[in-house]
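Below is one structure, written out as structure tokens; the observations come after it.
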């Protein structure tokens, strides 16, 4: 089968963060102007600014001088899912970039990153330069990717889920809690677990359930089998946390 290539010149403007010039990771959009950036990029940008200096870094529109800049931002999960659908091996690049950051700053590599590196150490980055000097994206047929580990499987996965009360509205009263331990199909995605939790806990808008691994929010499109292979390769159980957040 002939390999399939994408032109970065055509799709990059739609997928890149203007602050870091990299692909959008956990994209967040400014409500006033609808410009989108990586979550860590936009939060870092506003970190050392006063409330009166809050402006969009792309169009300079003035933002509301709120006490918490996150109130001016909304997560764009749909765009995040599109980016990862078009660039299925993006996770490999991000893992390698994260490793490079710790090495350049002489920092110890955290446990969760070491687990990821154990899996991807023999996999090629998705971006490469061809013989004509053009940057290209590697197709599924060129090399095995992280996504190849998420092929259909009927293997059951032991899932442990615990409630994290850090971000929960104190006025919110849960009528029912989910089971702490579940046996689920490895074909399921985070989206399925989120909807299950919202049903059991009787959560509806404007509240929404979010699932976490450490302090990282998991995308709805992330397969459980990928999480198992990346983060819990030596155990038979996945342990995740969930919280209930008010989306204003």
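The values are calculated or read from the model by the stated rules, or taken from the named source; none is laboratory data. This is a predicted model, so every value here is computed, not measured. Here the Cβ positions follow ideal geometry from the backbone for every residue, glycine too, while neighbour counts run over all protein chains shown.
The figures follow:
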{"read-out": "Number of positions in region 195-225 that are surrounded by 16 or more Cβ atoms within 10 Å (Cβ to Cβ) and closer than 18 Å to residue 183 by Cβ", "value": "6"}
{"read-out": "Region 61-94, residues that are touching a helix residue (DSSP H, G or I) at 6+ places or on another chain (Cβ under 6 Å), in a helix (DSSP H, G or I) and at pLDDT 75 or above", "value": "69, 83"}
{"read-out": "Residue match in region 11-23 (condition: surrounded by 14 or more Cβ atoms within 10 Å (Cβ to Cβ), in the same structural domain as residue 67 (by TED's automatic domain parsing), within 16 Å of residue 75 (Cβ to Cβ) and at pLDDT below 85)", "value": "no"}
{"read-out": "Any hit, region 168-185, residues being closer than 20 Å to residue 27 by Cα, in contact (Cβ under 8 Å) with a residue 12 or more places away in the chain and assigned to a strand (DSSP E or B)", "value": "no"}
{"read-out": "Considering residues of region 155-173 that are in contact with a strand residue (DSSP E or B) (Cβ under 7 Å, 6 or more places away or on another chain) and at pLDDT below 75 only, the residue farthest from residue 237 (Cα to Cα)", "value": "169"}
{"read-out": "Residue count for region 35-55, restricted to those that are outside any helix (DSSP H, G or I), under 15 Å from residue 76 (Cβ atoms) and either in contact with a helix residue (DSSP H, G or I) (Cβ under 6 Å, 6 or more places away or on another chain) or modelled with pLDDT under 90 (or both)", "value": "1"}
{"read-out": "Count of residues meeting criterion [part of a strand (DSSP E or B) and over 16 Å from residue 26 (Cα atoms)] in region 206-222", "value": "3"}
{"read-out": "Leading residue by the ranking (nearest to the chain's Cα centre (by Cα)) among those in region 30-59 that are surrounded by fewer than 18 Cβ atoms within 10 Å (Cβ to Cβ) and touching a residue at least 40 places away in the same chain (Cβ under 8 Å)", "value": "31"}
